[in-house]
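> One structure coming up, written as structure tokens, with questions to follow.
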Amino acid sequence: MKKIVDTWYGDSAISWLKPVSALFSLISRVRRKRYTSGRKKAYRASVPLIIVGNITVGGTGKTPLIVYLAKQLLHAGYRPGIVSRGYGSKAPSYPFHVKKDSPVNHSGDEALVVARNTECPVVIAADRAEAVKSLEQHYDCNVILSDDGMQHYAIARDIEIAVVDGRRGFGNGELLPAGPLREKPERLNEVDYIICNGECNLSFNKPAYMMTLKPRHLCHLLSGEMFPIPHIVEEMAKSREANQTTDTDAASDENLTGPSSVARHKVHAIAGIGNPERFFSSLCDCGFDIISHVFDDHHAYSLQDISFNDDYEIIMTEKDAVKCVDFARKIDWYLRVDAVIDEAFIESLLIKLKTFSI
């Protein structure tokens, strides 16, 4: 899979797959036309529904944006609910209501991360219309966020937010499977908001808001302790300084508050996400010297996957961490990030929401 993704985001296309891409495009257009023309009826929720999606395969930062939006809506006095496909989940039945303590194999990794980081009800189902109906039936929500689902036209949407990877853009510009696109870039002309994750050199026909994923804390899988990133980096610097003035490693260990060896050793960086390079860059920016390990998106981890022949600390994404809690060790940590977006975006979104009858 990594080889295919590298090709998608390189300078070439998988030429022999272009005929399949043409067929994919035709099927997608026909399917969408059925809903937009009214020949096939989409389910319309009783409250405003906001789609947060993208037009490319892989991680663009939708999940951190969902968490950000949920918190902002709660702060503004709304009662948001969240629906998701629950990719990788094997729930006893669907729709499945995800709780903070739900088994990750029941919920899938992304839905569990959302449930743990918000105070909102989360419901998953491959048929998002069924998830929306279940949310309406069981909770008093007055706005619904859909994590992904831009191409799931069986649910009517009131607001569409498209997330674009500022660094990778649209790759080779080809539709699946020759490239990473689910829909052509022209689709972005129809959405309400475009969010660029990171600096973006792409041009759009409407304003785009920049989002950054800011590392906030390093969290210990076993204890749940959280250490602010600036504090960790400061302690690392102190420990390195101590190493230059003493011949003993113990002196530097005593100065550390957080991972005991980050100042003296490299750390293993583990990522099973759509765009692992962004995570690795974040760790480097925080001051870590990393040994990177890439796994497929939504990888189901075992202890063997994160066991190496050394005692270096291990730092992973939060999405990976929820699948490693059951066999976590003292050396296992994850990086907590928050979405940071121009305040003009949420101000505009809240104004648009007020135009709906809630």
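> Only residues that are surrounded by fewer than 18 Cβ atoms within 10 Å (Cβ to Cβ) and in contact (Cβ under 8 Å) with a residue 60 or more places away in the chain: list them for segment 347-358, please.
Of all residues in segment 347-358, those surrounded by fewer than 18 Cβ atoms within 10 Å (Cβ to Cβ) come to 347-348, 350-352, 354-358.
Matches in segment 347-358: Ser348, Leu350, Lys352, Phe356, Ile358.
> Within segment 256-269, is even one residue under 19 Å from Ile341 (Cα atoms), modelled with pLDDT of 85 or more, surrounded by 15 or more Cβ atoms within 10 Å (Cβ to Cβ) and not hydroxyl-bearing (Ser, Thr, Tyr)? Talk me through it step by step, then tell me what you get.
As a first pass, look at segment 256-269 and keep what is under 19 Å from Ile341 (Cα atoms): none.
The answer is no; no qualifying residue exists.
> I'm trying to understand the selection: among the residues of segment 206-249, which are among the β-branched types (Val, Ile, Thr) and at pLDDT 90 or above?
Our first condition is that a residue be among the β-branched types (Val, Ile, Thr); within segment 206-249, this holds for 212, 229, 232-233, 245-246, 248.
If the condition is that a residue be among the β-branched types (Val, Ile, Thr) and at pLDDT 90 or above, then Thr212 is the only one that fits.
> Inside segment 118-138, can you point out the residues that are surrounded by fewer than 21 Cβ atoms within 10 Å (Cβ to Cβ) and in contact (Cβ under 8 Å) with a residue 60 or more places away in the chain?
Correct list: Ala129, Lys133, Glu136.
> Conditions: (1) assigned to a loop (DSSP other than H, G, I, E, B); (2) out of contact with any Lys or Arg (no Cβ under 6 Å at 6 or more places or on another chain); (3) not small (Gly, Ala, Ser). Ile66 meets all but one. Number of the miss?
Looking at each condition in turn, Ile66 falls short on (1).
> Could you please give the count of residues in segment 174-195 that are without any contact (Cβ under 8 Å) to a residue 60 or more places away in the chain and either closer than 13 Å to Val20 by Cα or out of contact with any Phe, Trp or Tyr (no Cβ under 7 Å at 6 or more places or on another chain) (or both)?
If we filter segment 174-195 for residues that are without any contact (Cβ under 8 Å) to a residue 60 or more places away in the chain, which is where we start, we get 186, 189-191, 194.
When the remaining residues are screened for being either closer than 13 Å to Val20 by Cα or out of contact with any Phe, Trp or Tyr (no Cβ under 7 Å at 6 or more places or on another chain) (or both), the result is 186, 189-191.
Residues flagged as without any contact (Cβ under 8 Å) to a residue 60 or more places away in the chain and either closer than 13 Å to Val20 by Cα or out of contact with any Phe, Trp or Tyr (no Cβ under 7 Å at 6 or more places or on another chain) (or both) within segment 174-195 amount to 4.
Quick grid of which residues meet (1) in contact with a strand residue (DSSP E or B) (Cβ under 6 Å, 6 or more places away or on another chain); (2) more than 30 Å from Arg34 (Cα to Cα):
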site	(1), (2)
Thr60	yes, no
Ala76	no, yes
Pro80	yes, no
Lys100	no, yes
Asn117	no, yes
Cys120	yes, yes
Ile144	yes, no
Gly149	yes, no
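> Could you grab me the full set of residues in segment 307-345 that are crowded, with 18+ Cβ neighbours inside 10 Å and in a helix (DSSP H, G or I)?
Glu318, Lys319, Asp320, Ala321, Phe345 - these are the residues of segment 307-345 that are crowded, with 18+ Cβ neighbours inside 10 Å and in a helix (DSSP H, G or I).
> In segment 282-302, which residues are of a type in the set (Val, Ile, Thr) and either in contact with a helix residue (DSSP H, G or I) (Cβ under 9 Å, 6 or more places away or on another chain) or assigned to a loop (DSSP other than H, G, I, E, B) (or both)? Walk me through it before giving the result.
At the first step, the residues of segment 282-302 found to be of a type in the set (Val, Ile, Thr) are 290-291, 294.
Within segment 282-302, Ile290, Val294 qualify.
> Same structure again: Examine segment 50-57 for a residue that is assigned to a helix (DSSP H, G or I), in the same structural domain as Ile161 (by TED's automatic domain parsing) and modelled with pLDDT under 95, and state whether such a residue exists. Explain how you work it out, then say what you get.
Here is the first cut: in segment 50-57, the residues assigned to a helix (DSSP H, G or I) are none.
The answer is no; no qualifying residue exists.
The values are calculated or read from the model by the stated rules, or taken from the named source; none is laboratory data. This one's a predicted model, so the numbers in the text were calculated from it and none came from an experiment. Note that we place each Cβ from the backbone using ideal geometry, even for glycine, and neighbour counts take in every protein chain shown.
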